[in-house]
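Following: one structure in structure tokens, then a few remarks.
The values are calculated or read from the model by the stated rules, or taken from the named source; none is laboratory data. Treat the numbers as computed from the prediction; the structure is a model and nothing was measured. Note that we place each Cβ from the backbone using ideal geometry, even for glycine, and neighbour counts take in every protein chain shown.
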Amino acid sequence: TEPLLKVEGLKKYFPIHSGVFGRVHNYVKAVDDVSFYVNEGETLGIVGESGCGKSTTGRLLMRLLEPTEGNVYFNGQELTAISKEEMRKMRRDIQMVFQDPYASLNPRHTVEKILMEPLNVHNIGNPKDRKAKVYELLETVGLSSYHAKRYPHQFSGGQRQRIGIARALMTNPKLIIADEPVSALDVSIQAQVLNLMQELQQKLKLTYIFIAHDLGVVRHISDRVGVMYLGNMAEMASSEKLYEKPLHPYTQALLSAVPVPDPDFVREQIVVEGDIPSPANPPSGCRFHTRCPFKMDICEKVIPKFAEVEEGHYAACHLYEASRPQ
Ligand code: SF4
Ligand code: MG
């Protein structure tokens, strides 16, 4: 069967203006030729340090940002080819959950009004149905109907994220793009929100793209995980393969920083030196070559192909024949 979402050659270049005439003198290549797919009902984790392009990728999929190049197919439709008006309608089926629920909830609106808004926007149901749906979803996310008349500031961070999740669910979407939904929460609350998201996924048959900055957070929730570095996808595989046998040196480095639950299993330490280079002037060839402990001559010159190195396990690294030019 066809994946629910398919992304091909996605690019987003932001122009950098300078001088009195504001001429474009360079581009930040925030997302540069990224391809992947998401199957219906699964969770794809996308992980990377800040500035790697993971949030931009999420926004491009919803066309909250217009892609510079590339194609996004959702449920058989090409999202990059439809009009803004058609895209607005498509957003019933694709919803986002944001990192900071406080910033994304209007402080002057009651929870009821906040949750009602997506139904108003998409003209779904009559006022009575809408109200019923608000109460139903408050229960679904573990709050109660008496919370409906309260304002965002009257809730804890974890409760606010539950409201953010409820709002995303109001239109019965198929796909939820969650951009660091637990990063702003206390560690003790993170697990509760992750558990809730997993329960909702089963109950409502949701598909998730779960964006995070560290591999630890997405491990248990993700069926597959993609690792981004400086606008590129470095590696993508099932969670099992990615955590047990990472192929890309960058993933290996990220994982050697994550505490390993099994004390008998000693992971080789890989230390990455230096800072992330600027996405306005990314290194030539493999963008990771300035920090990679395995760098070879070819790495500075030739961009490694994001290729299937082992079955279902993709990487972009010259250490693997599939990535090297034929
Ligand atoms: Fe390191 Fe070269 Fe692989 Fe890039 S292509 S990750 S520099 S070995
Ligand atoms: Mg971000």
Consider E139 carefully, then state whether it is more than 30 Å from Y73 (Cα to Cα), out of contact with any strand residue (DSSP E or B) (no Cβ under 7 Å at 6 or more places or on another chain), surrounded by 16 or more Cβ atoms within 10 Å (Cβ to Cβ) and not basic (K, R). no
Can you name the condition, by its number, that N120 falls short on among (1) in a helix (DSSP H, G or I); (2) at pLDDT 95 or above? (2)
Identity of the residue in segment 193-221, within 28 Å of V28 (Cβ to Cβ) and touching a Ser or Thr at 6+ places or on another chain (Cβ under 6 Å), that ends up nearest to ligand 2 (Cβ to nearest atom): F210
If a residue has to be near ligand 1 (Cβ under 9 Å from one of its atoms), within 23 Å of E49 (Cβ to Cβ) and not in a loop (DSSP other than H, G, I, E, B) to count, how many in segment 288-326 make the cut? 4
Quick one: which residue in N75, N71, N39 is among the polar types (S, T, N, Q), in contact with a Pro (Cβ under 8 Å, 6 or more places away or on another chain) and away from ligand 1 (no atom under 16 Å from the Cβ)? N39
Scanning segment 87-112 residue by residue, the ones that are over 24 Å from the mean Cα position of the chain (by Cα) and under 15 Å from R162 (Cα atoms) total 3
Scanning segment 273-290 for residues that are crowded, with 17+ Cβ neighbours inside 10 Å and either free of Cβ contacts under 8 Å to residues at least 24 places away in the same chain or within 16 Å of ligand 2 (Cβ to nearest atom) (or both) gives I276, P279, G285, H289, T290
Return the residues of segment 89-115 that are touching a residue at least 24 places away in the same chain (Cβ under 8 Å) and farther than 26 Å from I189 by Cα; say none if nothing qualifies. K89, R91, R92, D93
Residues that are surrounded by fewer than 20 Cβ atoms within 10 Å (Cβ to Cβ) and modelled with pLDDT under 95: does segment 220-229 have at least one? yes
Pair list, Cβ under 7 Å, 6 or more apart: segment 239-252 residue closer than 22 Å to H289 by Cβ, other residue within 16 Å of ligand 2 (Cβ to nearest atom) and of a type in the set (A, V, I, L, M): H248/V227; Y250/V227; T251/V227
Go through segment 236-283 and count every residue that is at pLDDT 85 or above and over 30 Å from N26 (Cβ atoms). 14
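Let me confirm something: among L10, L44, L64, which residue is surrounded by fewer than 15 Cβ atoms within 10 Å (Cβ to Cβ) and either under 15 Å from the mean Cα position of the chain (by Cα) or free of Cβ contacts under 8 Å to residues at least 12 places away in the same chain (or both)?
L64
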Members of segment 52-100 found to be farther than 23 Å from N281 by Cα and in a strand (DSSP E or B), listed by number: N71, V72, Y73, F74, Q77, E78, I94, Q95, M96, V97
Quick count over segment 13-41, residues being surrounded by 20 or more Cβ atoms within 10 Å (Cβ to Cβ) and of a type in the set (D, E, K, R), is 2
Scanning segment 136-189 residue by residue, the ones that are among the β-branched types (V, I, T), over 23 Å from S222 (Cβ atoms) and in a helix (DSSP H, G or I) total 1
V72, sole failed condition from (1) surrounded by 14 or more Cβ atoms within 10 Å (Cβ to Cβ); (2) in contact (Cβ under 8 Å) with a residue 60 or more places away in the chain; (3) over 18 Å from the mean Cα position of the chain (by Cα): (3)
E2 vs. criteria out of contact with any helix residue (DSSP H, G or I) (no Cβ under 9 Å at 6 or more places or on another chain), free of Cβ contacts under 8 Å to residues at least 40 places away in the same chain and on the phi < 0 side of the Ramachandran plot: no
